[in-house]
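> Below you'll find the structure I mean.
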Amino acid sequence: MKKLMAIMLMAFVLVFGFTACGDDASKDSENTEKETTLEDDAKDEDSEEDSEVNHDGEKELVEDEVKDPKEVTKVNSDEAKALINDEGAVLVDVRTLDEYNDSHIENSISIPLDELDSLIEEQIKDKNTKIIVYCRSGRRSAIAGELLVDAGYTAVYDLGAKDSWED
């Protein structure tokens with residue numbers, strides 16, 4: 001009988017011990033969940049400052065109107081013409097010199113992509129000058145745009161393919 005009581009007592013201690021550990025673990029889990037909820041609430045409050053309620057009563061994020069100077073902006077023919085006529089943008093053909101000599105957009109200058117990094121500062125000294133790049137298909141102009149931004153030019157636009165220019 002004493003052995004049976006001892007076994008039952010040990011079983012009780014083991015069960016009680018596991019339950020107590022489980023309670024502590026669940027309390028830790030609850031605390032972590034509460035902390036996460038508080039952090040999420042704080043994030044929600046922060047994001048409310050950058051949001052606006054639309055006419056359906058749903059919140060929408062409001063994007064800043066300021067252009068990141070480290071971005072290349074895609075433009076179409078009409079936008080490019082407006083930049084050239086109204087703001088003095090420079091149109092740069094980044095195709096090879098042979099391609100440029102074969103045909104090019106009127107008043108554009110030729111700075112082939114493979115010479116861009118060595119010639120751009122000689123051709124366009126002011127890094128705040130608006131620059132519009134184009135090529136045959138849009139691949140080289142995208143690369144050129146990134147190179148110009150990396151070189152510190154702040155207003156870079158990508159027309160893409162020469163064929164997108166409409167007279």
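Every number in this text was worked out from the coordinates using simple rules, so none of it is lab data. Given the structure is predicted, the values throughout are model-derived calculations rather than measurements. Here the Cβ positions follow ideal geometry from the backbone for every residue, glycine too, while neighbour counts run over all protein chains shown.
> Could you size up the charge dipole of the range 72-164 around its Cα centre, putting +1 on the beta carbon of Lys and Arg and -1 on that of Asp and Glu, and report it in debye to the nearest 20? Please list the in-between numbers first.
Numbers: 10 positive and 19 negative charges, 43 e Å.
Dipole magnitude for the range 72-164 comes out near 200 debye.
> Beyond a 18 Å Cα-Cα separation, which of these cross-linked pairs lie in this structure: 70/127; 125/162; 127/162; 81/130; 81/125; 74/130?
Numbers: 70/127 12 Å; 125/162 25 Å; 127/162 24 Å; 81/130 12 Å; 81/125 22 Å; 74/130 13 Å.
Checking Cα-Cα distances, 125/162; 127/162; 81/125 exceed 18 Å.
> Could you work out the relative contact order of the range 71-151, using alpha carbon pairs under 8 angstrom and six or more residues apart, expressed as a whole percent?
Values: 87 pairs, mean separation 29.4, N = 81.
The normalised contact order for the range 71-151 reaches 36 percent.
> Additional query: Residue 146 versus residue 107, label points 7 Å from Cα toward the beta carbon: distance in nm?
The answer from the label model is 3.1 nm.
> Projected onto the charge dipole of the range 109-150 (+1 at Lys/Arg Cβ, -1 at Asp/Glu Cβ, origin at the Cα centre), which of 128, 138, 113 gives the Cα projection farthest towards the positive end?
With unit charges placed on the Cβ atoms, the residue in question is 138.
> With a sphere of radius 11 Å drawn around the Cβ of residue 138, what net charge do the other residues whose Cβ falls strictly inside it have (Lys, Arg +1; Asp, Glu -1)? Mind showing how you got there, number by number?
Values: positive: 74, 136, 139, 140, 162; negative: 158, 163.
Its environment carries a net charge of +3.
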